[in-house]
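Enquirer: Let me give you the structure first, and then I'll get to my questions.
Laboratory data are not the source of any read-out in this text; all were calculated from the coordinates shown. No experiment lies behind these values; they were computed from the predicted model shown. All Cβ positions, even for glycine, are placed from backbone atoms using ideal geometry, and neighbour counts span all protein chains on display.
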Amino acid sequence: MKRRTYATRAAAVAVGAFALILAGCASAAPESATASPDSGADGAPSWESVVEKARAEGTVTLYSHAVPTMLDSLVEAFALEYPDIKVEYVRGATELPARVDAEIAGKTPGADIVMFAGDNWMLANAEHLAPVGDLPSLAEWPEDAWVIDGVAPITAIVPLSIIAWNTQIFPDGFEEWSDLLSSDLDGRLGTRDGIGATEALFYQFFEDNQGEDYLPSLAAQNPRFYPSAVPMAQAVASGEIGVAIYSVVPTLKELQDQGAPIDYILPQEVIANPYPAAILKKSENQNAAQVFMDFWLSEKGQTAFNTNESGVSALPDIDGSLDLAGHDLTYFDSARATPDFISEWDAKFREIFHGN
């Protein structure tokens, strides 16, 4: 098993080919690793037998941080290939990992597969994750597109540092992070509230790239605060605020398709999150989970999940996959997000933005 930590900086990245700058160290697979479902003496069941048993199980449940448009597209595409295997997904934010922790501790049903933003939870819970098995799709899967080799593949890379604005309030739009320091934004700016690992690294990104004075200057704009990207984007679309600095492309495109007066840009400096997925050992639907994972990592699955520039695929030449070539790309660095780091940023955030 290899555990990988993302480099903090990569200039002019050829993301269309998923050219991640990864630093990793090899280690032995955990002793608690389980064999593939229904494995024979050689530990390698035929794929046909896995699919047959998956159809008998008939269902798989996914817990995910991904936005509904990405999940709906993936589930609908899977249903065309495997109409007799039903996929249900539960989408949430910071509460989902704790929910899975409780299921694992209580040995209760629930998630078969989890997909969380960032690699923190996967690395901390490797002992509870099952190897993906001998999936046909792995023949084309890049060897560096894993958080944990053979266990947790990266299903997408998703940027969060996006400037999104209401075109009726700001018809000229924005181009760079420095544009958000204009006095016209007083009371009209939205950003994330609450400090966890993602938020701490997000604000550290601005301090690293824009200087230590940037966040205090941003705070002087009297921003409004939102718990996640979706309500923040909806607030921009409704005119509740005029511009947001944290969003995801599929949510913005969905609002555009609905006719909302909203536009967006990815500035030169971008920070992005990996979206690793893994099968839980506690799952009672191991075969169905493997069939779903195989589809997810295939060309059809990656096209569905990363459609309409939702994310960057590990596979090359995926139609609709986001292209960040030419941007200065920073990855969320889980090794940096220690409890002390998060605590320090919680205090710093409250001091900068709330004055306490």
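Enquirer: Treating the angle as unsigned and between 0 and 90°, give the value, to the nearest 10°, between the Cα long axis of helix 68-81 and the longest Cα principal axis of the chain.
Expert: Long axis of 68-81 versus the principal axis of the chain: about 30 degrees.
Enquirer: If you don't mind, there's one more thing I want to ask. Which peptide among 247-253, 335-341 comes first, and what is the full order, when sorted by highest mean count of other Cβ atoms within 10 Å?
Expert: 247-253, 335-341
Enquirer: Rounded, prolate or oblate: which fits segment 70-160, taking a ≥ b ≥ c as square roots of the Cα gyration tensor eigenvalues, rounded meaning a/c under 1.5, else prolate when a/b beats b/c?
Expert: Taking the square roots of the gyration eigenvalues as a ≥ b ≥ c, segment 70-160 is rounded.
Enquirer: With angles folded into 0 to 90 degrees, how steeply does helix 47-57 sit against the dominant principal axis of the chain? Use alpha carbons for both and round to 10.
Expert: With rounding to tens, the tilt is 80 degrees.
Enquirer: Another question, if that's okay. List the GluC sites (Glu not before Pro) within segment 190-227 that fall in a DSSP loop (any state other than H, G, I, E or B) and whose Cβ has at most 14 other Cβ atoms within 10 Å.
Expert: Answer by residue number: GLU212.
Enquirer: If you don't mind, another one. Round to the nearest 0.05 the FRET efficiency obtained for GLU212 and ALA93 when R0 = 51 Å and r is the Cβ-Cβ distance.
Expert: Step by step, r from the Cβ atoms, then E = 0.95.
Enquirer: Taking the alpha-carbon distance from LYS281 and a cut-off under 22 Å, which lysines remain once sequence neighbours fewer than 8 residues away in the same chain are dropped?
Expert: Candidates past the 8-residue exclusion: LYS2, LYS53, LYS86, LYS107.
Enquirer: A further question follows. Looking at the square roots a ≥ b ≥ c of the eigenvalues of the Cα gyration tensor of segment 172-236, which shape do they give, rounded for a/c under 1.5, prolate if a/b is larger than b/c, or oblate?
Expert: Oblate, because a/c is 1.5 or more while a/b does not exceed b/c.
Enquirer: Calculate one ³J(HN,Hα) per residue across segment 289-303 by plugging θ = phi - 60° into the Karplus curve 6.51 cos²θ - 1.76 cosθ + 1.60, and present them in order as whole Hz with x for glycine and proline.
Expert: Taking θ as phi minus 60°, the curve returns 5, 5, 5, 5, 4, 4, 5, 4, 8, 7, 4, 5, x, 5, 5 Hz for segment 289-303.
Enquirer: Same structure, new question: Rounded to whole Å, give me the distance from the Cα center of segment 165-226 to that of segment 295-323.
Expert: With segment 165-226 and segment 295-323 each reduced to a Cα centre, they are spaced 29 Å.
Enquirer: On a 0 to 90 degree scale, rounded to 10, what angle separates helix 229-238 from the longest Cα axis of the chain?
Expert: In the chain, helix 229-238 runs at an angle near 50 degrees to the longest axis.
Enquirer: In whole angstrom, note down how far apart the Cα centers of segment 79-116 and segment 232-268 are.
Expert: Cα centroid of segment 79-116 versus Cα centroid of segment 232-268: 28 Å apart.
Enquirer: Further question on the same structure: Give the shape of segment 44-110 as rounded, prolate or oblate, defined through the alpha-carbon gyration tensor: a ≥ b ≥ c are the square roots of its eigenvalues, a/c under 1.5 means rounded, and otherwise the shape is prolate if a/b is larger than b/c and oblate if not.
Expert: Oblate, since a/c reaches 1.5 and b/c is not below a/b.
Enquirer: Order 259-271, 45-57 from most to least packed using the mean count of other Cβ atoms within 10 Å.
Expert: 259-271, 45-57
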